[in-house]
Structure formats: C-alpha cells, structure tokens
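Take a look at the structure below.
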Amino acid sequence: MGESSVLVTGGSGGLGGAVVGAFAGAGWRVVVPQRTARPGSGPAADDLVRVVADLAEPSGAARAVDVAAGEPAAPLRAVVNLVGGYAGGGLVHETPVEEFERMFTVNLRPTYLVTQAALPHLVAAGGGAVVCVSSRAALAPFPGAAGYVAAKAAVLAFANAVAVEYRSRNVRCNTVLPSVIDTPANRAAQPDADHSRWVTPEEIAPVVRFLASADSAPTSGATVPVYGRA
C-alpha cells in the first residue's frame, strides 16, 4: 500500500484513467468515486479503491472523502478534481437559465463539495494538495457555451480562493487548463478536427501528479496551461 492516498474524482472518465494510472504507478493509494457500482469495476490493484458516491450531494462527497482518509498507513495527501462535463448550445439569449445553471452543477458543485469535505483531513495530516481542472475556455471563451465557460471560470476562481485561504495551513491548490483533450468522445464530437494538435490524457496526467506531489511544494495558486498544439 502506498504511503499516501489521493482522491481522484472523475477517475473513470477520458482523462481520469491516465491520471489514476499515473498515481498508481508512483505508488499512491488511489480512491476513485463512482455514482453506481458497475460490473467489472472492482479494484484492478491493491492500491486502487473504488467507492460508490454521488459527488453532487454533500453526503456523497463526505463518503468518498472518508474512504480516502480512512487508511492510517496512507493518509490523504491530495485531491484531484476531474469530474465535470460540457454542453454547448446557442448564444446567451437563446440559452435557458436551467441549461446555464446545469453547467455549474456538473462542473463546480462536485469540486466545491469534495474539496470542502477533504480540507479538514488535509490540514489534520499536516498539509497536502488540491488540483482542479478548469479549461482554456475560462480564459479564452468561444461562442455557444456561456454556461460551460462561466462554470470553468468559477472552478478557477474557487481554486485560487482555496490557495489563499489555506496557504498558512500547508494546503496548496493549483489548476490545470486543458484545451481540447484527445478522447474518443471528443473525436466523435469533432470528427473533422486536427486531432494531432489536441493534448492527450497521457500528457496531462504527469502534470497533475506533479502538482499533487511534494516536488511542487513551493507552488500554490498556479494556473497551468496544458494546451498541446491546439
């Protein structure tokens, strides 16, 4: 069992598999929440723990964090907030407020709830790291996705707030901003794009692991672009 635990939300997603693999390969105990139990989704290794939890609800976030922090031999040292989603649509005047707000529910709410639940554990363990995933769109918006753009900008602002509030308690918080990630879902959605310019999950994962590790101890409040050539 690894000497430290990391909680990776969205660990079953397009980016999540690479991030989970990067941590597991470095000897971390990796905890991956999922909304429902899935056939064949049991632990693939001794240091991979899956927990059924709805991260959009406070009780679910608390359950996931309790499991991540529940192994005394491997205290919780890092939280990686990958969970999120994208939905485009029309311009602002064509977008119902319910669709706009849904992007905050999908992208910001789980990040807030999981981080909120984890912070006391990180502080009690003497410090740790939180890594959030925003998007290049938070800095360089594109039309037709105001809800997504605003939600990812909110994730970035939230991460910066955590960095400021917990700096004196030895908890760091940094954010990575991908461009388009080269996943099967994105390829299917944009079949005519130049996929060779997109950033791959395997390129992003080491950056996330570095930001969660002691190697990046002096770094907090950073906004790290991971754009590939896009």
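The values are calculated or read from the model by the stated rules, or taken from the named source; none is laboratory data. Worth saying up front: this structure is predicted, and the values here are computed from it rather than measured. FYI the Cβ positions are ideal-geometry reconstructions off the backbone, even for glycines, and counts take in every protein chain you see. Heavy atoms of the whole protein, side chains included, go into the accessibility calculation; ligands, DNA and RNA do not. Shrake-Rupley method; radii C 1.70, N 1.55, O 1.52, S 1.80 Å.
Can you say whether GLY89 is modelled with pLDDT under 95 and over 26 Å from GLU3 (Cβ atoms), as far as the supplied structure shows? Yes; evaluated as a whole, the condition is true for this residue. Among the residues of region 194-213, those that are free of Cβ contacts under 8 Å to residues at least 40 places away in the same chain, over 14 Å from LEU15 (Cβ atoms) and surrounded by 13 or more Cβ atoms within 10 Å (Cβ to Cβ) comprise HIS195, ARG197, PHE210.
Counting the residues of region 173-188 that are touching a helix residue (DSSP H, G or I) at 6+ places or on another chain (Cβ under 7 Å), open to solvent by 40 Å² or more (accessible area, probe 1.4 Å) and touching a residue at least 12 places away in the same chain (Cβ under 8 Å) gives 1. Kindly check whether there is at least one residue in region 149-166 that is more than 25 Å from GLN116 (Cα to Cα), of a type outside the set (Phe, Trp, Tyr) and in contact with a Ser or Thr (Cβ under 6 Å, 6 or more places away or on another chain). No: zero hits.
Exactly one residue out of GLY89, GLY60, GLY85, GLY70 is open to solvent by less than 70 Å² (accessible area, probe 1.4 Å) and in contact with a Ser or Thr (Cβ under 6 Å, 6 or more places away or on another chain): that is GLY89. Selection of first residues in region 65-94 that are assigned to a strand (DSSP E or B) and of second residues that are open to solvent by 40 Å² or more (accessible area, probe 1.4 Å), restricted to Cβ pairs under 7 Å at least 6 apart or on distinct chains, gives the following pairs, ordered by first then second residue: LEU76/HIS121. Could you tell me whether region 41-48 includes any residue that is among the charged types (D, E, K, R), open to solvent by less than 40 Å² (accessible area, probe 1.4 Å) and modelled with pLDDT under 95? Among the residues of region 41-48, at least one is among the charged types (D, E, K, R), open to solvent by less than 40 Å² (accessible area, probe 1.4 Å) and modelled with pLDDT under 95, which makes the answer yes. For ASN170, the test of being on the phi < 0 side of the Ramachandran plot, touching a strand residue (DSSP E or B) at 6+ places or on another chain (Cβ under 8 Å) and open to solvent by 50 Å² or more (accessible area, probe 1.4 Å) is failed. A single entry from PRO191, PRO218 fulfils the requirement of being open to solvent by 50 Å² or more (accessible area, probe 1.4 Å), modelled with pLDDT of 95 or more and in a loop (DSSP other than H, G, I, E, B): PRO218.
Just one of the numbered conditions (1) open to solvent by less than 30 Å² (accessible area, probe 1.4 Å); (2) touching a strand residue (DSSP E or B) at 6+ places or on another chain (Cβ under 8 Å); (3) at pLDDT 95 or above is not true of PRO225: (1). One residue stands out in region 105-146 among those that are hydroxyl-bearing (Ser, Thr, Tyr) and open to solvent by 60 Å² or more (accessible area, probe 1.4 Å): the one that is nearest to VAL65 (Cα to Cα), namely TYR112.
Restricting attention to region 147-167, the residues being free of Cβ contacts under 8 Å to residues at least 12 places away in the same chain and either under 18 Å from ALA230 (Cβ atoms) or open to solvent by 50 Å² or more (accessible area, probe 1.4 Å) (or both) number 2.
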